[in-house]
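*Asks:* Once you've had a glance at the structure underneath, I'll fire off some questions.
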Protein chains: 2
Amino acid sequence: MEVHHQAAPAVSGGEGSRSSAGELLARCGAGLCSSVAGFGRKLGKIARDDPRRVAHSLKVGLALTLVSVLYYVRPLFNNWGLSTLWAVLTVVVVMEYTVGGTLIKGLNRAFATLAAGFLAVGAHKLADLCGAKGEPVLLAVFVFLLASAATFSRFIPEVKARYDYGVTIFILTFSLVAVSSYRVEELIRLAHQRFCTIAVGVATCLLTTVFVIPVWAGEDLHKLAAANLDKLAEFLEGLESECFGENGPGENLESKAFLYVYKSVLHSKATEDSLSNFAKWEPPHGKFFFRYPWSQYQNLGALSRQCASSMQALASYIITLTKSQVTANSSLHFRHQRIREPCLIYSLTALVFSQHPEANLELCLKARTACGEISLNSAKALRELSAAIRMMTVPSSAKTHMSAAIKAARTLGAELAEDDDLAKVMHVAVVASLLSELVVQTKKIAESVDNLAKSAHFKKPEEDTQKDVVINVGS
Amino acid sequence: MEVHHQAAPAVSGGEGSRSSAGELLARCGAGLCSSVAGFGRKLGKIARDDPRRVAHSLKVGLALTLVSVLYYVRPLFNNWGLSTLWAVLTVVVVMEYTVGGTLIKGLNRAFATLAAGFLAVGAHKLADLCGAKGEPVLLAVFVFLLASAATFSRFIPEVKARYDYGVTIFILTFSLVAVSSYRVEELIRLAHQRFCTIAVGVATCLLTTVFVIPVWAGEDLHKLAAANLDKLAEFLEGLESECFGENGPGENLESKAFLYVYKSVLHSKATEDSLSNFAKWEPPHGKFFFRYPWSQYQNLGALSRQCASSMQALASYIITLTKSQVTANSSLHFRHQRIREPCLIYSLTALVFSQHPEANLELCLKARTACGEISLNSAKALRELSAAIRMMTVPSSAKTHMSAAIKAARTLGAELAEDDDLAKVMHVAVVASLLSELVVQTKKIAESVDNLAKSAHFKKPEEDTQKDVVINVGS
């Protein structure tokens, strides 16, 4: 009975049925509870990851409540009526996570409204001259031309990056004012009201974002740059300790976290670009003065991403190498039990040499030490640079570490070049292995396209079905 | 006088001054003309690059004009008055470049308005029970709580990706309805009107995007996948002809376009993600059926980006190699004139061997041929895969090319491994060179941080100023 516990209620009688319904309900309840708890944990994680998110949510609530209260203060806005709602609308749409983002959106909204309002009033005056019949036609033509031109301007990259929201508001305001068939005097009064309420909305947003726990895009950009350098350093440190160090490489190198730490650096471009765009609009704050060189962070980011890309190549090479060596080792293990001498196990280079017990042990040790030194010194330099950015001090000892790394790399290069045979094949070997990596990845792409062809029901090519070659690509 | 032509007007008398003012005006006019012409050329290029952009701009104009015309048709919307403006607003905000984008925004707007409207009417009824004094306070509390909670929900990645716009509209509608102090019956009438006008706006947008020259996100995603594969193939083809071919490598390899063609693939993630998000919402069209496996394009894209990343590593290695070899060659050129034998000039591997005239010529030729074969066959496979995606046919001969490339890579590997000395150092050499690449890039990062420290006026570390080490990092 204990074993068949779950199936039992289905075969039992009335009492059982009722208890089964209860059980079902209880199970549903439990499932609901656990999924609610899971959702709660997820929310908690999001909040803990960056507590400023909670602050931002409360700030939006605060700004919106402030603006709504303005609406209730009758004496102040009594004669404006429904226009006050534009202030609420502005707050909802303009309020962004960072000060710079809010500022850009607010300015875009204010200036676009102003410009479009003027243009629309002008269009109205012009259309007025054409009499009652011509007016709607002329206005419709104006709306068509302006909306088309403004929409096309959004495809210009510079406009897209900075004024995308402004262009939307420009089209919106122009159409709204042009379409509404008020008299011009009334229009001007309305436009004035609308602009004032929008200004009130933007001001509320700015005051809330700047004075209540501000989130500066510039500061985030600054921290992102330092964090990216730290991640690059982490990769090199992991390389040093796991591949070239005293204890490495372990059995299961592929599962090590450090081999994937550069991935988030690779995808940081979009975040960086928008933060840098926002940061340029922020007023001086903290240690960031007026006309702070924000664009240099983008240069630094581009270099970091290129470095991460090289790390990806190295990591994928190491993973391929370890995999093939583990297979080779395990098969060798049975044939030559005594192959696993201490040095041979303890380093990546040794892994390579384990297939050739007669290999040059001295060179293996030298290469291991040199690779370890290169990694460690580069990592130290990166840590120092990251700390320098964080503390905003001139990096002092990074150069020492850098020159040590360069010296070690040169010495290793020279040592490898000392033996003529080695020097000769070194570059050929590197190009050949990188190309082989490309082949492996191209093969993966081919498999992915095959999967796509299957699930998307691609046709077989009609003229080729006869001579369709199916060759099993070696695995 | 001819020589001092530009400076002359400044020192001459009245007649000269007048002509100088005229000249200045003419120069300004010419400058304006040339910048206007430049801007026109830029716009022309944007339009020629993708003529659908012009179509989209005209479509936005058309949809907006259609909706405005509705406003003028008095008998239809006479009793709705100002609410009709919401249709205009909806068209401006909802109209996106692709069908999927418009659909997502339209659905988000419609459902968020509906949900928020119901909630707000409920809140009003609840607040009504608290009397005239309690009502505004309770409504303000509701607005605060709901806006905070909804804003926080935007930090959940899934909500951010799909419902970001919906959440904005939800907050907006709830605040607008809650704040407006109408009676509940009037509210329901207003809500009904607003929803209907929004539906009219969304319908106008959808009809225009679907029936007038539609831009399908799915089709763009499909084409992007094929184009990315073509770019990868272009790199490999360039490699084959410029580095391992009969005519290569040329003098100035660094300036070749093919060495940078993978860059746009590296940064295609954001576009791909948004297109795939839109494509999932699009109705079946063309060859893309209901529940088409769009997510597989994201897998393929991830693999393409990893391949591009490996290409970047290979390209930067080749560039470094060519630079150092060109320097070495030119210095060698004077010492050993007869070093530049045909084979030695004609291949990248030869470039390597040019430092060692006594090198194994046979291996050099073999490696060159093998590398060329690997590149060419991989490129052919990629072209075939790209064509298969474009034509939506099962790739038939890609496997043949793929296995040829794999075979060539294996043969080369085996040949290099035949010589025990070569096999021994091959992996060490690869890891060492990849690490050296990392060192070069780390050095660039260090220089970039130095520049930042200078232009951002970073402080010197106080305790370290005494022992501040300035070591000239070797160049």
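*Asks:* Give segment A:178-232 a look and list any residue that's surrounded by 17 or more Cβ atoms within 10 Å (Cβ to Cβ), part of a loop (DSSP other than H, G, I, E, B) and not small (Gly, Ala, Ser), or say none.
*Replies:* Of everything in segment A:178-232, those that are surrounded by 17 or more Cβ atoms within 10 Å (Cβ to Cβ), part of a loop (DSSP other than H, G, I, E, B) and not small (Gly, Ala, Ser) turn out to be A:Pro214, A:Val215, A:Trp216.
*Asks:* I'd like the full set of residues that are over 34 Å from the mean Cα position of the chain (by Cα) and either among the hydrophobic types (A, V, I, L, M, F, W, C) or closer than 21 Å to A:Lys105 by Cβ (or both), limited to segment A:159-192.
*Replies:* Looking only at segment A:159-192, we keep the residues that are over 34 Å from the mean Cα position of the chain (by Cα), and these are A:174-192.
Residues satisfying the conditions are A:Phe174, A:Ser175, A:Leu176, A:Val177, A:Ala178, A:Val179, A:Val184, A:Leu187, A:Ile188, A:Leu190, A:Ala191.
*Asks:* Also, quick follow-up: Please find, among A:Ala359, A:Ala379, A:Ala350, A:Ala367, the residue that is among the aliphatic types (A, V, I, L, M), in a helix (DSSP H, G or I) and modelled with pLDDT under 70.
*Replies:* Numbers: A:Ala359 fails: in a helix (DSSP H, G or I); A:Ala379 fails: modelled with pLDDT under 70; A:Ala367 fails: modelled with pLDDT under 70.
A:Ala350 is the lone residue from the list that is among the aliphatic types (A, V, I, L, M), in a helix (DSSP H, G or I) and modelled with pLDDT under 70.
*Asks:* Just to verify a result, which residue in segment B:387-401, among those that are farther than 20 Å from A:Ser455 by Cβ and in contact with a helix residue (DSSP H, G or I) (Cβ under 6 Å, 6 or more places away or on another chain), is nearest to the other protein chains (Cβ to nearest Cβ)? Spell out how you get there, then give the answer.
*Replies:* Looking only at segment B:387-401, we keep the residues that are farther than 20 Å from A:Ser455 by Cβ, and these are B:397, B:400-401.
Still in the list and also in contact with a helix residue (DSSP H, G or I) (Cβ under 6 Å, 6 or more places away or on another chain): B:397, B:401.
Numbers: B:Ser397: 6, B:His401: 9 Å.
The extreme case among them is B:Ser397.
*Asks:* Being outside any helix (DSSP H, G or I) and crowded, with 18+ Cβ neighbours inside 10 Å is the requirement here; does A:Phe142 meet it? Outline the logic, then answer.
*Replies:* On the way: outside any helix (DSSP H, G or I): no; crowded, with 18+ Cβ neighbours inside 10 Å: yes.
Answer is no for this residue.
*Asks:* Of all the helices (runs of 4 or more DSSP H) wholly in segment B:1-78, which have at least 3 residues that are within 14 Å of chain A (Cβ to nearest Cβ), at pLDDT 90 or above and in contact with a Ser or Thr (Cβ under 7 Å, 6 or more places away or on another chain)? Don't jump to the end; show me each part of the working.
*Replies:* Working: elements: B:8-11, B:14-49, B:52-72, B:74-77.
The helices (runs of 4 or more DSSP H) meeting that bar are B:52-72.
*Asks:* State yes or no: is A:Lys125 assigned to a helix (DSSP H, G or I), of a type in the set (Lys, Arg) and in contact (Cβ under 8 Å) with a residue 40 or more places away in the chain?
*Replies:* Values: assigned to a helix (DSSP H, G or I): yes; of a type in the set (Lys, Arg): yes; in contact (Cβ under 8 Å) with a residue 40 or more places away in the chain: yes.
The answer is yes for A:Lys125.
*Asks:* Looking at segment A:168-184, can you tell me whether even one residue there is more than 18 Å from B:Leu85 (Cα to Cα) and more than 8 Å from every other protein chain (Cβ to nearest Cβ)? Spell out the reasoning first.
*Replies:* Here is the first cut: in segment A:168-184, the ones more than 18 Å from B:Leu85 (Cα to Cα) are none.
No: segment A:168-184 contains no residue that is more than 18 Å from B:Leu85 (Cα to Cα) and more than 8 Å from every other protein chain (Cβ to nearest Cβ).
*Asks:* Condition (residue is on the phi < 0 side of the Ramachandran plot, more than 10 Å from chain B (Cβ to nearest Cβ) and buried (at least 17 other Cβ atoms within 10 Å of the Cβ)) applied to segment A:305-317: is it met by at least one residue?
*Replies:* Of all residues in segment A:305-317, those on the phi < 0 side of the Ramachandran plot come to A:305-317.
Imposing the further condition that a residue be more than 10 Å from chain B (Cβ to nearest Cβ) reduces the set to none.
The answer is no, given that none of the residues of segment A:305-317 is on the phi < 0 side of the Ramachandran plot, more than 10 Å from chain B (Cβ to nearest Cβ) and buried (at least 17 other Cβ atoms within 10 Å of the Cβ).
Yes/no matrix, rows are residues, columns are (1) open to solvent by 30 Å² or more (accessible area, probe 1.4 Å); (2) modelled with pLDDT of 90 or more:
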{"position": "A:Thr84", "(1), (2)": "no, no"}
{"position": "A:Met95", "(1), (2)": "no, yes"}
{"position": "A:Ala127", "(1), (2)": "no, no"}
{"position": "A:Gly134", "(1), (2)": "no, no"}
{"position": "A:Val137", "(1), (2)": "yes, no"}
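*Asks:* Could you check A:Thr197 against (1) within 17 Å of B:Leu64 (Cβ to Cβ); (2) touching a Phe, Trp or Tyr at 6+ places or on another chain (Cβ under 7 Å) and say which number it fails?
*Replies:* (1)
*Asks:* Restricting the search to segment A:370-391, which residues are of a type in the set (S, T, N, Q), in contact (Cβ under 8 Å) with a residue 40 or more places away in the chain and over 10 Å from A:Ala226 (Cα atoms)? Walk me through it before giving the result.
*Replies:* To start, the set of residues in segment A:370-391 that are of a type in the set (S, T, N, Q) comprises A:375, A:377-378, A:386.
With in contact (Cβ under 8 Å) with a residue 40 or more places away in the chain added as a condition, the list becomes A:375, A:378, A:386.
Within segment A:370-391, A:Ser375, A:Ser378 qualify.
*Asks:* Continuing with the same structure: Going by what's in this entry, would B:Leu119 be described as part of a helix (DSSP H, G or I), surrounded by fewer than 18 Cβ atoms within 10 Å (Cβ to Cβ) and of a type in the set (A, V, I, L, M)? Let's see the steps before the verdict.
*Replies:* On the way: part of a helix (DSSP H, G or I): yes; surrounded by fewer than 18 Cβ atoms within 10 Å (Cβ to Cβ): yes; of a type in the set (A, V, I, L, M): yes.
Criteria met by B:Leu119.
*Asks:* Next up: Would you check which residues across segment A:412-448 are open to solvent by 40 Å² or more (accessible area, probe 1.4 Å), at the interface with chain B (Cβ under 7 Å from one of its Cβ atoms) and at pLDDT below 75 and list them?
*Replies:* Once the filter is applied, which keeps residues that are open to solvent by 40 Å² or more (accessible area, probe 1.4 Å), at the interface with chain B (Cβ under 7 Å from one of its Cβ atoms) and at pLDDT below 75, segment A:412-448 yields A:Asp420, A:Asp421, A:His427.
*Asks:* With (1) modelled with pLDDT of 80 or more; (2) within 32 Å of the chain's Cα centre (by Cα); (3) open to solvent by less than 30 Å² (accessible area, probe 1.4 Å); (4) within 7 Å of chain B (Cβ to nearest Cβ) as the list, and A:Ala409 as the residue in question, which single condition is left unmet?
*Replies:* A:Ala409 satisfies every listed condition except (2).
*Asks:* Let me ask something else. Which ones in segment A:251-304 are closer than 21 Å to A:Met391 by Cβ and open to solvent by 50 Å² or more (accessible area, probe 1.4 Å)?
*Replies:* Listed by number, the residues that qualify are A:Pro284, A:Gly286, A:Lys287, A:Phe289, A:Asn299.
*Asks:* How many of the residues in segment B:284-293 are more than 9 Å from every other protein chain (Cβ to nearest Cβ) and either in contact (Cβ under 8 Å) with a residue 12 or more places away in the chain or hydrophobic (A, V, I, L, M, F, W, C) (or both)?
*Replies:* Step one: filter segment B:284-293 for residues more than 9 Å from every other protein chain (Cβ to nearest Cβ), giving B:284-286, B:290-291.
Those still in the list that are either in contact (Cβ under 8 Å) with a residue 12 or more places away in the chain or hydrophobic (A, V, I, L, M, F, W, C) (or both) too: B:285-286, B:290.
The number of residues fulfilling the criteria is 3.
The values are calculated or read from the model by the stated rules, or taken from the named source; none is laboratory data. Please read these numbers as outputs of a predicted model, since none were measured by experiment. Here the Cβ is made from the backbone with ideal geometry for all residues, glycine too, and neighbour counts use every protein chain on show. Side chains are part of the model used for accessible areas, which takes the heavy atoms of the whole protein and leaves out ligands, DNA and RNA. Shrake-Rupley method; radii C 1.70, N 1.55, O 1.52, S 1.80 Å.
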